[in-house]
Each structure stands twice: as C-alpha cells, then as structure tokens.
1. Return a yes/no flag: does the range 181-200 have any residue that is touching a strand residue (DSSP E or B) at 6+ places or on another chain (Cβ under 9 Å), more than 13 Å from Phe118 (Cβ to Cβ) and among the aromatic types (Phe, Trp, Tyr).
2. Determine whether the range 302-312 contains at least one residue that is part of a helix (DSSP H, G or I) and either under 21 Å from Arg269 (Cα atoms) or modelled with pLDDT of 95 or more (or both).
3. Of all residues being exposed (fewer than 15 other Cβ atoms within 10 Å of the Cβ) and in contact (Cβ under 8 Å) with a residue 60 or more places away in the chain in the range 301-332, which is farthest from Ile240 (Cα to Cα)? Just the residue, please.
4. Could you list, in sequence order, all residues of the range 350-369 that are of a type in the set (Asp, Glu) and either part of a loop (DSSP other than H, G, I, E, B) or modelled with pLDDT under 95 (or both)?
5. Considering only residues that are of a type in the set (D, E, K, R) and under 28 Å from Phe248 (Cα atoms), which ones fall in the range 327-383?
6. Consider only pairs whose beta carbons are under 9 Å apart and that are at least six residues apart or on different chains; among these, list those whose first residue lies in the range 269-295 and is on the phi > 0 side of the Ramachandran plot and whose second residue is part of a helix (DSSP H, G or I).
7. I'm trying to understand the selection: among the residues of the range 217-268, which are touching a His at 6+ places or on another chain (Cβ under 6 Å) and part of a strand (DSSP E or B)?
8. Given (1) assigned to a strand (DSSP E or B); (2) within 23 Å of the chain's Cα centre (by Cα); (3) of a type in the set (Lys, Arg), where does Lys87 come up short, assuming only one miss?
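The values are calculated or read from the model by the stated rules, or taken from the named source; none is laboratory data. Just so it is clear, the structure is predicted and the values come from calculations on it, not from any experiment. Heads up, the Cβs are rebuilt from the backbone with ideal geometry, glycines too, and the neighbour counts pull from every protein chain shown.
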Amino acid sequence: MSSTRREFVTAATLLGTSAALLGARARANTALQDPGARAARPLKILILGGTIFLGPAIVEAAKRRGHTVTLFNRGKHNADWFPELEKLRGDRDPKKGEGLKSLEGRKFDAVIDDCGYFPRHVKASAELLAPNCGHYTFISSISCYAKNDVEGANEDAAVATMPDPTLEEMGKNYEYYGSLKALCEQAAEAAFEKRACVIRPGFIVGPKDTTDRFTYWPVRVVRGGNILAPGAPTDPVQVIDVRDLGEFAVHAAENGTVGRFNACGPGERLTMGGLLESCARAAGTQLSPTWVPADFLAEQGEQGDGGIPIWVPYTGDSKGFHTWSNQRAIDAGLKFRSIDDTVAATLAWWFEQPAERRKQLRAGISAEAEARVLAAWSKRKTG
C-alpha cells in the first residue's frame, strides 16, 4: 500500500481517535484551566499581529474571556479572519507607509505583542503606547539565551548579545534571532518600566502551525514503517501548545503580570520516546523506531531541528536546550494541556487541510534521507 493510500485509510480512524482523545482531554482541562470562564474585569486589549498561528490563539483566548480585542497589523495575512474585531492597519516599522499612525492617541488596558523581531520596531510601538496603556506583554523566545549547555537553567541566565545591536537582519543562519529578541525585550521593559511581562516560549506547537516542525512527528508515525528516532528515547523535549501560550498571554494581561517567564512545557517531563509513543496512541498504530545516536546523526549531517525537527542533541553545548525551568511561569499561572491532547489536535487539524497542503510537509527529514541514514546506521552496527 502506498504511503498516500495508507494515510488516507488511517485518517478516518485517526480522526475518530483524535476526537475521542480531545473530548477526554477537554473535560480534564476545563477544570484545570477553565478557558471559557469570563474575566472578572473585561479589558480592552490591543494585539500587535494576531493573524498567524500564535496570534489567533491569543485572540480566541481573549474572546472567550470576554475582552474587547483590537488588532494592529499590515493586513497581509488572513485579513478576513475575525471580521467582528476592530482592525487597525499600519506597519511595525514607523518609517514604512503609515507606520504606527493608527495607534496614535488610542487607549488600551493591555497590549500583547506577538510579532516583535527588531528592537527599533518594538521601541517605537512601546514608547508610543506606554502613556495610554496599562500593561505590555512581549512574546520573546528561549532563543534569547546566550547558552544552552546548563540543565534546568532559569530566567536569570545571561541573554545573547550581538556585535552591532543596530543591525536589522537575522543573519544567514538566523544567528542573530535570539540576540534581537533579547534587545526587543529590553526595549519593551524600558518603555513600560514595571508594567511589562516577557514570555519566553520554547517550540510553539499544535494545530495551525505553519512550520510543520512538530506536525512532522505524528504524520510520520501515521505513515508507519521503520522510523528514524533521533538520539535516545530518554532525551528531553520541551514544547508549548499554542493554545496554552495564548491563554497564558491573556492571563498575564488580566493580572498585570510583571517579569520574565520561560513558557516551556508540557507540565510533566517529556522525552523523545514519550512523544513518539503519544503519536502512536493518537494514530492507533504500532510504533517501530530505530534510535540513532546523536554523534552518528552529526556524521550524517542530521544534527537536529533541521532535517530532524524539534529534537536537539542532549549533549555538549545543547544539553540544556530542552530542560529550561518553567517554575516561574507555572507560579504565575501557566497551565498545560497533555502531550496527548496536543498530538491529537495537531493530527486532526492536519487531516482537515486540503490535499494540496498535505502533499509535502514543510519540515522534517525526507523519506529518501531517512532511508539513507537508517541504512548507514544498520551497516555501522553490523560492522
């Protein structure tokens, strides 16, 4: 049976399995997170961005809580979404077009910034809004840290720097992404002083993910066969469900939360083996992984978060990447869905996508490369 046919046959069962899992998890999580409860004090919330993956999750969380939401963006992505909301058009770069003009004089209880990548842009919006807005939440990234070699590090760890802080480009290999995020954090905190919340998520995953980095794994398990499993089954993995992150951002706005918080989940320690087992449960299939050590993958040019997404070698300079402490965020109100919920929701969403979208995952090792690495590993083991 071809892989396409196999996926089609699996999809019907999968959707039923996913629906059952989602129903059970939803009942459990309603008591845990109570995402549908109305806020005691409805707020006027401005969301900078709001149209791609995380943005809509924040919007939905805010709407469920009864807040009045306004979006500010260029109108270039999913402009038809949320027709009931006020939409202000402009550009984060005040030097482009109308820039931030539509925000001038506007007053909001809280601002949630999910699309700040360059400090000059964040500085401009934060300074403009600070006199008329009560609170600013900036969505950063754990990539802001200078090193990832220490296990269990917290928000006090040093952040990355760059030779020229005025440079406005990520770099050829995105080497400046983290340091730019750190500078954006500082710009937001300087403008709002003791009224800023910085959220540093790890890999953001779940339904509607445009990158397919996490989606690769449940879809690969659905395809079946011998799966290249990276590293060891005990290697740690940290991800944050986009819905949990959206709810935490709104929670921070409601409570005027101040400080820096690592938004890394799930709630219990997750391993690569545990992730694959969750994928198998959601797909209703038997799991057949071949665990290939990190050093051999490096020899083959597959070092993680490239051809093999989400996983990062649990060694050397990256040993702490998937072990960041999330205790401060938990203490501040971050709640987590189970990994089973996230996997099931991701697969259900994937099989709802048009066939054209599902022709090719946007991330993950190709079937040909996977077979090559597995063959090479088998040869190495047999000598």
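1. The answer is yes, given that some residue of the range 181-200 is touching a strand residue (DSSP E or B) at 6+ places or on another chain (Cβ under 9 Å), more than 13 Å from Phe118 (Cβ to Cβ) and among the aromatic types (Phe, Trp, Tyr).
2. no
3. Per the stated criteria, the residue is Gly316.
4. Within the range 350-369, Glu356, Glu368 qualify.
5. Residues satisfying the conditions are Arg328, Asp331, Lys335, Arg337, Asp340, Asp341, Glu352, Arg362.
6. Listed by first residue and then by second, the contacts come to Gly284/Thr10; Gly284/Thr13; Gly284/Leu14; Gly284/Gly16; Gly284/Thr17.
7. Answer for the range 217-268, where residues must be touching a His at 6+ places or on another chain (Cβ under 6 Å) and part of a strand (DSSP E or B): Pro236, Val237, Gln238.
8. (2)
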